[in-house]
Structure formats: C-alpha cells, structure tokens
Amino acid sequence: MSAEIIDGKKVAELVRTRVREDVAEWVGKGNRAPFLKVILVGDDPASRVYIGAKTRACEDVGIETSTEILQDTISAKELKDVIRMYNTDDAVDGILVQLPLPSHLSSHDVIETINHKKDVDGFHPMNVGRLALDQPCFRSCTPAGVMELFKYYSIAVKAKHAVVVGASNIVGSPMATMLSRENSSGKATTTICHKYTRDLTLHTINADILIVAAGQPHLIKAEMVKEGAVVIDVGINRVADETSEKGYKLIGDVDFESVRKKASWITPVPGGVGPMTVAMLMKNTLLAAKQSIYPTD
Ligand code: NDP
C-alpha cells in the first residue's frame, strides 16, 4: 500500500481564496477591512519568520495587519496595558501575541488578558472552555486546520479511534477536544498521549487516525502504525542537512518514507499541516471582524 498524500498547500489555498472573497464582499458592503494586531515581545528570529508568513497571508486575503514589537525587558503590567488598549480599540478585530514569550512573562496570564472576542489564536480560557462544551468559539488554528483537511478529503472521523501524540495547549489538547467533542465534525473515540505515556506503540498501533504533535523528529515509525491508518504529522523539526544550501531541512514527527507504505492517507512535512495554520488564522480574523462567534447584543 502507498498512502494518498494530503495536500495542505492546496487546501490552505482554497481556504484563503474563500476568505479573500468573503473579505471583498464584507468590504463591498461598506465595512472596513478586518484588522489583525500582532504583538511580538523581543526579537526571536523564528517568531519573526512566523509573523512574516502571517503578514503576507493577511496582505494576500485583504486583511490589514500591523506588528507591534516590544522590548524583551517589558514588564507583565506594561505588556498587559498594551493588550488592554487594543482590547477596547474598535479598529482592532483580532489580537495575536506571538509565542513563546520571554521567560519572565507568563503566557497564561498574558493570553487571559486578551479580549476573548478578539482571541483569533483560540488560546483564551473562554475559547478553550467553549471548545470543550462544543459551543461556538475561536478554535486553535493548527488543530482546526487538521479538521479542515479531514473535511476536504471526506475522511470520516465519527466513531473512529483517534490517537493524538502530544498534549500541548496549542496543538495536542485542542486537537483531542475537537476530535472527541465536536458534534458536527468529531465524535471519534480519542486517546491522548504525552511524555508519561508508558507504551506509545500500544496506543498508536490501534489508531484509525493518528495525529502526531510531539516535536520529536521521526518519533513514529512504520511498526507503530496500523495498516490503513490516516496519519497526520503536525511536527516541524529542523535537522542538519549538509546537502541543502541552508544547512538544514525540515522533517516531521513521522518517518514519512516508511509510514507511507502502511497508511491510507498521510500529510507530508513541509506542505501538510503547516500551511493550514496560517489559513485558519485568516478565517478566524474574518470571523472576529464580522463578530460571527460573539455577536454584540
Ligand atoms: P510542545 O513542546 O509544547 O508539546 C509537545 C507535546 O508532545 C507535549 O504534550 C509532550 O508531552 C509531548 N511529547 C513530547 N515527546 C513525546 C514522546 N516521546 N512521546 C509522547 N509525547 C511526547 O510542542 P507543540 O505542541 O507546540 O508543537 C508540537 C510540534 O508541532 C512541534 O514540532 C512544532 O514545531 C509543531 N507545530 C507545528 C505547527 C504547524 O503549523 N504545523 C503549529 C504548532 C506547532 P508533555 O505534555 O508530557 O510534555
């Protein structure tokens, strides 16, 4: 067997096209363009790369954006005051604080300061809680992108056994919540694994749908995967590669070449889940501008 490739680049482009058309229609009705405010604390090069990709995506779909760069010595109070200013600014629809933050700042505390109605990353406890209740909310972009891939490729989730490897607040946990809780697109029997999981293979080998977000290069080998499984690789790991001009290459958490021979569907890295994350951020920002999730009463 050789798995069908799930083309995240293609699906992300379709999502972005839809957002671009919806933004044009929204603006055509006399509304201002959606506006995303990005806050970067410090000067982490990787964060700059991610923000660059988000900025280009905004420009591509007609969303306005600007990035505020703050000193990495900023106090928690000063940062929260900046966020509060944008919370009440009617010209700002979405607020995104780029993670990770410098170690003296608590990301929980900072995220909780964001107005949940502008939390387009879907990290605020109000959105996380509403996700768990299967209520309308801003859904974390990466797992929402995975659910969108299932929808596009008509991959059935309901009643399947889904196993998520990784339990972070931004990927693994909301992924497991969407798969298990969402009435419209989820309802899988879901297992979530983390570093303390005793025998990872015991779980992965039983997965109809295996989603890996552990940040461990090639953690998942063919012998850990059930024949015919759907395998989604969220991991992005930079490993040294002398043959590449950059001196490195990006690989996933799944050993693609061996696993593709057993799986029915598989995402590549790069070109799988990655492009979906930014596309879903665009979708969330438009929803924020339209106040679709939290209508004003
Ligand atoms: P974190 O480091 O925050 O979380 C990793 C999770 O994996 C933790 O829950 C950890 O367990 C678990 N884990 C680590 N090692 C193992 C192991 N050997 N067995 C089982 N579980 C393990 O990472 P993120 O969730 O932020 O990201 C995960 C990966 O996804 C990274 O490679 C990241 O670059 C990538 N990523 C990709 C995105 C995209 O757009 N495609 C977006 C965001 C992330 P514990 O909880 O016990 O520590």
For the stretch 203-227, which residues satisfy the criterion of being within 14 Å of the ligand (Cβ to nearest atom), in a strand (DSSP E or B) and either hydroxyl-bearing (S, T, Y) or under 19 Å from the mean Cα position of the chain (by Cα) (or both)? L210, I211, V212
Name, by its number, the condition in (1) surrounded by fewer than 21 Cβ atoms within 10 Å (Cβ to Cβ); (2) among the small types (G, A, S); (3) in contact with an Asp or Glu (Cβ under 9 Å, 6 or more places away or on another chain) that does not hold for A263. (1)
Those residues of the stretch 127-167 which are within 24 Å of P275 (Cα to Cα) and of a type in the set (D, E) amount to E148
Of the residues that make up the stretch 22-32, is at least one surrounded by 14 or more Cβ atoms within 10 Å (Cβ to Cβ), at pLDDT 95 or above, assigned to a helix (DSSP H, G or I) and among the aromatic types (F, W, Y)? yes
Would you mind stating whether H161 is away from the ligand (no atom under 16 Å from the Cβ), closer than 30 Å to V225 by Cα and touching a residue at least 40 places away in the same chain (Cβ under 8 Å)? yes
Every residue from the stretch 81-123 that is out of contact with any Ser or Thr (no Cβ under 9 Å at 6 or more places or on another chain), outside any helix (DSSP H, G or I) and not β-branched (V, I, T): D89, D90, A91, S103, S106, D119
If I go through the stretch 49-79 residue by residue, how many of them are buried (at least 18 other Cβ atoms within 10 Å of the Cβ), part of a loop (DSSP other than H, G, I, E, B) and over 19 Å from the mean Cα position of the chain (by Cα)? 2
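Just a yes or no: is a residue in the stretch 183-201 assigned to a strand (DSSP E or B), within 18 Å of the chain's Cα centre (by Cα) and surrounded by 14 or more Cβ atoms within 10 Å (Cβ to Cβ)?
Within the stretch 183-201 (the criterion being assigned to a strand (DSSP E or B), within 18 Å of the chain's Cα centre (by Cα) and surrounded by 14 or more Cβ atoms within 10 Å (Cβ to Cβ)), the answer is yes, since at least one residue qualifies.
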If we scan the stretch 166-176, do we find a residue that is more than 8 Å from the ligand (Cβ to nearest atom) and more than 13 Å from T142 (Cβ to Cβ)? no
Within the set of pairs 6 or more residues apart or between chains, which connect a residue that is over 12 Å from L96 (Cβ atoms) and at pLDDT below 95 inside the stretch 111-128 to a residue that is surrounded by fewer than 24 Cβ atoms within 10 Å (Cβ to Cβ) and among the polar types (S, T, N, Q) with Cβ atoms less than 8 Å apart? none
Could you list all residues from the stretch 215-260 that are in contact (Cβ under 8 Å) with a residue 40 or more places away in the chain and surrounded by fewer than 14 Cβ atoms within 10 Å (Cβ to Cβ)? E227, G228
Residue check, V15 closer than 15 Å to L149 by Cβ and in a helix (DSSP H, G or I): yes
Within 12 Å of the ligand (Cβ to nearest atom), part of a helix (DSSP H, G or I), of a type in the set (V, I, T) and closer than 24 Å to P268 by Cβ - does that describe any residue in the stretch 134-146? yes
Looking only at residues in the stretch 132-163 that are under 23 Å from V110 (Cα atoms) and over 14 Å from the mean Cα position of the chain (by Cα), which one is surrounded by the most Cβ atoms within 10 Å (Cβ to Cβ)? C137
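The values are calculated or read from the model by the stated rules, or taken from the named source; none is laboratory data. Values in this document were obtained by computation on a predicted structure and should not be read as measured data. Note that we place each Cβ from the backbone using ideal geometry, even for glycine, and neighbour counts take in every protein chain shown.
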